[in-house]
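The values are calculated or read from the model by the stated rules, or taken from the named source; none is laboratory data. Everything numeric in this text was worked out from a predicted model, so none of it was measured. When we count neighbours, we look across all protein chains shown, and the Cβ atoms used for this are built from the backbone with ideal geometry, even at glycine. Accessible surface areas use protein heavy atoms only, side chains included; no ligands, DNA or RNA. Shrake-Rupley method; radii C 1.70, N 1.55, O 1.52, S 1.80 Å.
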Amino acid sequence: MESEAKLDTVRQKIKQVAQELMGEDMYQFHRAISPGLQEYVEAVSFQYFIKTRTLVSIEEINKQLIFAAEDKEEETKVPASECLNTQSHIWSLKVTPVDYLLGVADLTGELMRMCINSVGNGDIDTPFELSQFLRQIYDGFSYIGNTGPYEVSKKLYTLKQSLAKVENACYTLKVRGSEIPKHMLADVFATKTEIIEQEDGLP
């Protein structure tokens, strides 16, 4: 599967970072690596949703970011005294809860685009499924509200916009879906999306 192969390539890059940070305080360098981890969470969670129609957990993501040496040459890169496991040479890099939340928030933008593509392809079932899933994510973020980290609170607005666009698509399909030819649904939805963005002052 092409997406899995690309994610494996990314994981190898993360492994290199984990090796570089061996013996260091990861949180000292967290600001530098956090954007990359968020992008990784977004990609993994999108692939996971396509496969299972559910949200991947942070535990499952971190389980994939535990690496062992693959050959003798790699084993010699780090002194045994600095390894987490002196026999198998294991490295790990954990996604923090904030990285996870920010990555999931970015996922909603991909799901919104998936909704638009589905409408364009004449698929009238997926938008309703996405709407329900996005509503669950939004409700979860709403519980955090302004009590969480600033970055998470800031993402709440973007998440709300993605949900509004998908719910708008579902409304259009429910009310006018039978009277609009399938090949025109995407154009109608795109027009309504532009109106929402203009009302909210979005570029």
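General remarks:
- Hits in region 115-136 - residues which are open to solvent by 40 Å² or more (accessible area, probe 1.4 Å), part of a helix (DSSP H, G or I) and of a type in the set (A, V, I, L, M): I116
- Among the residues of region 43-62, those identified as in a helix (DSSP H, G or I) and of a type in the set (S, T, N, Q) are S45, Q47, T52, N62.
- All positions within region 11-52 that are of a type in the set (D, E, K, R) and open to solvent by less than 80 Å² (accessible area, probe 1.4 Å): R11, K15, E42
- Yes/no for Y40 being modelled with pLDDT of 95 or more, closer than 19 Å to R135 by Cα and assigned to a helix (DSSP H, G or I): no
- When S162, S118, S142 are checked against the criterion of being within 18 Å of K51 (Cβ to Cβ) and of a type in the set (G, A, S), S118 stands alone in meeting it.
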